[in-house]
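This report refers to the structure that appears directly beneath it.
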Amino acid sequence: MKVIMIESLSGDDIYEIGKEYNISESDAIRWVAAGIAKPKNKDDYERAIAKAEIIKAEQEEKQAQIIAIEKKEELINEADTLLENILAIVATLNSNDPEFKDRFLEDFHEKWIDTFPEDDAEAKAAKEKADAEAKAAKEKADAEAKAAKEKADAEAKAAKEKADAEAKDAKEKADAEAKAAVGVQDENKTDPATK
């Protein structure tokens, strides 16, 4: 993206005040925000901002999905550990009573199966929330980009209409002056006093 420097920068490259440079969109956004440069084309800058917001929303969505998956795996591991501990306790206390052991395990599995989907639903809800937020951010960015384009189009149309009107006025004025000049010359030719 092309920017015009407001302040000079030096390092690996030197950027001088008032000169135009072509830099990456991410650098342009940071430099404009910091007041170091200004965009050469406002529409390009607004499109870059909208694009950056979409990318940010997508990254946040991916992060939310990763967190939801990690939480689900953590819950599964906790449940597995709990099951192992209970099995060890039951096996120790009831090693001579297999009927009680089987009954206890059946009871435990029913409770575990009933409660675990709630944890799964929590992870699913977190993902749905992230999806909704990402969608809202994308819709907002799209709307802002569309509004910026419509505004730019309207400004360009108004500027063209103004330029056309000024050109028309200038032409009419020039035609009138030329016509007036021709009229004066004709009068001079026909006026005996000028002979």
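What follows draws every value from the coordinates through simple rules; no lab data is involved. Worth saying up front: this structure is predicted, and the values here are computed from it rather than measured. With ideal geometry, Cβ positions are generated from the backbone for all residues, glycine too; neighbour counts draw on all protein chains shown.
One table, with the values for the structure above:
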read-out	value
Cα-Cα over 19 Å, subset of K56/K129; K42/K146; K2/K51; K71/K138; K40/K140	K71/K138; K40/K140
Hz values of 3J(HN,Hα) by residue in the stretch 66-80 - Karplus curve (6.51, -1.76, 1.60), Gly and Pro given as x	4, 4, 5, 5, 4, 5, 4, 5, 4, 5, 5, 4, 4, 5, 5
Environment charge at I4 (Cβ cut-off 10 Å; Lys +1, Arg +1, Asp -1, Glu -1)	+3
Approximate spin-label separation I23-A125, in nm, with each point projected 7 Å along Cα-to-Cβ	4.5
R0 of 35 Å, Cβ-Cβ distance K138-A159: FRET efficiency to nearest 0.05	0.65
Distance between modelled label sites at K51 and K146, nm, 7 Å Cα→Cβ extension	2.0
Amide H contacts of I6 (H built 1.01 Å from N, under 5 Å, at least 5 apart or other chain)	G18, A37, K38
Pairwise label distance in nanometres, D169 with E7, each label 7 Å out on the Cα-Cβ vector	4.2
Packing-based order for 25-35, 75-85, 42-52, using average beta carbon neighbours within 10 Å, highest first	42-52, 25-35, 75-85
